[in-house]
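Report on the structure given below.
The values are calculated or read from the model by the stated rules, or taken from the named source; none is laboratory data. Predicted, not measured: the structure shown is a model, and the values here were computed from it. Every residue, glycine as well, gets a Cβ built from its backbone with ideal geometry; the counts of neighbours run over all protein chains shown. What goes into the accessible areas is simple: the full protein's heavy atoms, side chains included, and nothing from ligands, DNA or RNA. Shrake-Rupley method; radii C 1.70, N 1.55, O 1.52, S 1.80 Å.
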Amino acid sequence: MHPLRDTEGHWLRPRHAAPATQPVPDPEAIRLLPDGGLLWTDEGDPGRGFGTSLVRTDATGRQIARWFYAFKDKDGRPGLRSNFGFEGLAVTPDGQQAWLALEAPLRQDGPRASAATAGAPVRISLVSLDDGRLLRQIAYQPDAVPAASWALPQREVNGISEILPDGPDHLLVLERSYSPGHGFGARLYRIGLQAPDTLAMDSFMRNPPQVAAKQLIADLSTVQRGRLDNMEAMSWGPPLPDGTRVLVFASDDNFNPAQANQILVTAYRPSTPCAP
C-alpha cells in the first residue's frame, strides 16, 4: 500500500488539518502510466479556492506535478460546480496525453441533467502529461435522469463517472445516474473523438457546440436489475480467446452501510465506428 502524498512526501490531509496552501483531497479516477507512475484526478475544493486538478505521482504515490483547472467564464469567475469536477480519466495509448471528463456542465455552459431535461453538454478535455496544458476539448451530451423523484428532485443526477480509451479514435463513457426513490442507474456509451474542438468556447449557452456522436453499448441496470449501485470505475482486463475483451466496472459505496461495493466483470465486443 502506498499513500498518496504531496511533493514533500507528507500524507494528504483531511479538512480539519489541511493547510491553506493544500486542497482537501477528493480523488475520483486513477490510472497506471507506462513508466510505473500514477495519474489521479481530484474533483477540487472550490470552497477554499482550488479548482479541479490532475495529479502525477511516482510509483510510491509521491506527487511529481499537479495541474489545476478553474474553467473560468468570460468575466474570470470559476465555472466549476462543487463536487462535479474531473470524474473520468483516460490515458492515450502512447502515455503522453490524457482525456479528462468533468462530471457535469460548467455553470457558464448551462444546467445539469434532471429528469425533465438532459441539461447542457459536458466538456471532455485532452491534456499534455508533460506540462498539464490543455490541448483540445470536445462536448458530450449526457442523458436526462431516467426516473423522476417525486420527493427530492434537487438530488436527481446524471453525469459522466468514468471514461476509457477504445482504440485511438474512440472513448467509452460511463454515465451514472441517481434519483431518490429509484436508486442508481448506469449506461455505457462509445463516442467518436472527431467532434469539433470547443476549447476556445467560453460558454455553450451563447454558442451551442456540436457534440460528440454517441452509441449506446449497454445499460448496466439490466445486468444488475434492481441491485445496481453507484458505478464510478471502469478498466480494461485481458483479451479473451474469442476476440472479446474483459471490461471491469466497480462501484463506490460512499462509506454508506446501505450501499455496496460491487465489481462487475463483463465481456466487451468491438463495435462499429461511431459517425463523426
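Within the range 174-181, can one find any residue that is farther than 20 Å from ARG81 by Cβ and either in a strand (DSSP E or B) or modelled with pLDDT of 95 or more (or both)?
no
Residues are listed down the side, and each one gets a yes or a no for (1) free of Cβ contacts under 8 Å to residues at least 12 places away in the same chain; (2) farther than 19 Å from GLU232 by Cα; (3) among the hydroxyl-bearing types (Ser, Thr, Tyr):
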position	(1), (2), (3)
ARG187	no, no, no
GLN194	no, yes, no
THR198	no, yes, yes
GLN210	no, yes, no
ILE217	no, no, no
LEU220	no, no, no
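Looking for whichever is small (Gly, Ala, Ser) and over 20 Å from the mean Cα position of the chain (by Cα) here; the options are ALA104, ALA151, ALA113. Which one fits?
None of the others qualify; the one that does is ALA151.
If you check LEU89, LEU126, LEU80 for being within 20 Å of GLN210 (Cα to Cα) and not small (Gly, Ala, Ser), only one passes: LEU126. Evaluation of ASP229 against the conditions (1) assigned to a loop (DSSP other than H, G, I, E, B); (2) open to solvent by 40 Å² or more (accessible area, probe 1.4 Å); (3) not β-branched (Val, Ile, Thr) shows that the sole unmet condition is (2). The set of residues from the range 58-93 being within 27 Å of GLU175 (Cβ to Cβ) and either among the acidic types (Asp, Glu) or not in a loop (DSSP other than H, G, I, E, B) (or both) comprises TRP67, PHE68, TYR69, LYS72, ASP73, PRO78, PHE86, GLU87, GLY88, LEU89, ALA90, VAL91.
Taking the conditions exactly as written (touching a Leu at 6+ places or on another chain (Cβ under 6 Å), open to solvent by 20 Å² or more (accessible area, probe 1.4 Å) and in contact (Cβ under 8 Å) with a residue 24 or more places away in the chain), does ARG155 satisfy them or not? No; evaluated as a whole, the condition is false for this residue.
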